[in-house]
1. Could you tell me which numbered condition residue 64 fails, if it satisfies all but one of (1) at pLDDT 90 or above; (2) out of contact with any helix residue (DSSP H, G or I) (no Cβ under 7 Å at 6 or more places or on another chain)?
2. For segment 67-78, what are the residues that are in contact (Cβ under 8 Å) with a residue 40 or more places away in the chain and in contact with a helix residue (DSSP H, G or I) (Cβ under 9 Å, 6 or more places away or on another chain)?
3. Looking at (1) within 13 Å of residue 34 (Cβ to Cβ); (2) surrounded by fewer than 17 Cβ atoms within 10 Å (Cβ to Cβ), which is the one condition that is false for residue 62?
4. Could you please find all residues in segment 67-77 being crowded, with 17+ Cβ neighbours inside 10 Å and modelled with pLDDT under 95?
5. Have a look at 98, 80 and point out the one that is surrounded by 10 or more Cβ atoms within 10 Å (Cβ to Cβ), modelled with pLDDT of 90 or more, at negative phi and part of a helix (DSSP H, G or I).
6. Here are the criteria: (1) modelled with pLDDT of 90 or more; (2) assigned to a loop (DSSP other than H, G, I, E, B). Tell me which single one residue 104 does not satisfy.
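The values are calculated or read from the model by the stated rules, or taken from the named source; none is laboratory data. Keep in mind that this is a model prediction, so the values were computed, not measured. Reconstructed Cβ throughout: ideal geometry from the backbone, glycine too, with neighbour counts over all protein chains shown.
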């Protein structure tokens, strides 16, 4: 499974079950498929542009795009390959292209509007 561009989810969730018993569950190896699609689209766009972007810029672009997209969680690439219908995948691709384009445009129009920390 390729590593998510934003890192693997590593959560410790504690569910209280009364006063005496607690169950702890770790969620690891779950990926938002849109992160992979956004990463691929950003790389595709960077290869066709003459402008240079810092790592911070690229992360901002990814965040801007992902915040406008739904989540689609998968555990394995086979989940995406076999369990996402072709028409749904085409819709997902169109959404990603549009939101990454919007994110690049936003960054271009607002280069100094980000928190410098």
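1. It fails just one condition, (2).
2. 72, 73, 74, 77
3. Unmet for residue 62, out of (1) within 13 Å of residue 34 (Cβ to Cβ); (2) surrounded by fewer than 17 Cβ atoms within 10 Å (Cβ to Cβ): (2).
4. Result: 72, 74.
5. 98
6. (2)
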